[in-house]
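Right, one structure below, let's go through it.
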Amino acid sequence: DGGITQSPKYLFRKEGQNVTLSCEQNLNHDAMYWYRQDPGQGLRLIYYSQIVNDFQKGDIAEGYSVSREKKESFPLTVTSAQKNPTAFYLCASSMQTGEGQPQHFGDGTRLSIL
Amino acid sequence: AQSVAQPEDQVNVAEGNPLTVKCTYSVSGNPYLFWYVQYPNRGLQFLLKYITGDNLVKGSYGFEAEFNKSQTSFHLKKPSALVSDSALYFCAVRDRRYSSASKIIFGSGTRLSIRP
């Protein structure tokens, strides 16, 4: 089945450590996104990419980095500069053509601090 | 600036009764409007969207939503609630002048609880 796979499901980070969250899609979508979800808040956009080898900062990009070397993959690195990384991270993808295309989401990675 | 509001943090409904989850929005252009559902420890699942045409949009799992331009609202409805409908619901809006879905704005979510 087509979809988005995020791994790992749970991740723990030590002080000063960088961690990388994986996101893979087989929907042949051009655009991919990373969101952060905190309790009682909506989703906040971290980074997005509309095409391979290009990505843009979202609303809360500080302390995060991404790469888009392949159409199927959009990994997110949470760096030690992100002082409050505990959250639920969601990856999404969408088609670029067609009106009002919805986003398709993975099942998330929950990141906690050790 | 775009914004979307879900005025109720929680909605409680008895099984079999109709349910409504409210959403109002503010965009300077004509919006695309979406509803998503999230079950515990899962990603968001797309339910339905409004692009143009009929103000009543039908979606997955028996849900529907009514677009009201004068009230700038897009309330989610279902005629008869099921216990399995209990989840977190998100309304989202995007000004159609923006081609990128990166411009979508999500509401803060409404937790729907259906009691047997």
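If you take the charge dipole of chain B about its Cα centre, with +1 on Lys and Arg Cβ and -1 on Asp and Glu Cβ, which of B:Val93, B:Ala65, B:Asn17 is farthest toward its positive end?
The residue sitting farthest along the positive end of the dipole is B:Val93.
Mind checking the dipole of chain A: about its Cα centre, +1 per Lys or Arg Cβ, -1 per Asp or Glu Cβ, Debye to the nearest 20? Don't skip to the end; give the middle numbers.
Details: 11 positive and 12 negative charges, 86 e Å.
Dipole about the Cα centre, nearest 20: 420 debye.
Loop only by DSSP, 15 or fewer other Cβ within 10 Å of the Cβ. Give me the GluC sites (Glu not before Pro) in region A:1-92 that pass, ordered by residue number. Show your work: numbers first, answer last.
Details: sites: A:Glu15, A:Glu24, A:Glu62, A:Glu69, A:Glu72; in loops: A:Glu15, A:Glu62, A:Glu69, A:Glu72.
Those that pass, being in a loop and sparsely packed, are A:Glu15, A:Glu62, A:Glu69.
With unit charges on the beta carbons (Lys and Arg positive, Asp and Glu negative) and the dipole taken about the Cα centre of region A:1-106, which residue among A:Gly2, A:Thr20, A:Trp34 sits farthest to the positive side?
Working it through, the farthest residue towards the positive pole turns out to be A:Thr20.
Quick check on my link table: of B:Lys22/B:Lys69; B:Lys58/B:Lys78; A:Lys9/A:Lys70; B:Lys49/B:Lys69, which ones sit more than 18 Å apart, alpha carbon to alpha carbon? Could the numbers behind the result be given before it?
Details: B:Lys22/B:Lys69 14 Å; B:Lys58/B:Lys78 10 Å; A:Lys9/A:Lys70 22 Å; B:Lys49/B:Lys69 15 Å.
Beyond 18 Å: A:Lys9/A:Lys70.
A short reminder: the numbers here are calculations on the coordinates, not readings from a lab. Keep in mind it's a predicted model, so treat the numbers as computed, not measured. Heads up, the Cβs are rebuilt from the backbone with ideal geometry, glycines too, and the neighbour counts pull from every protein chain shown.
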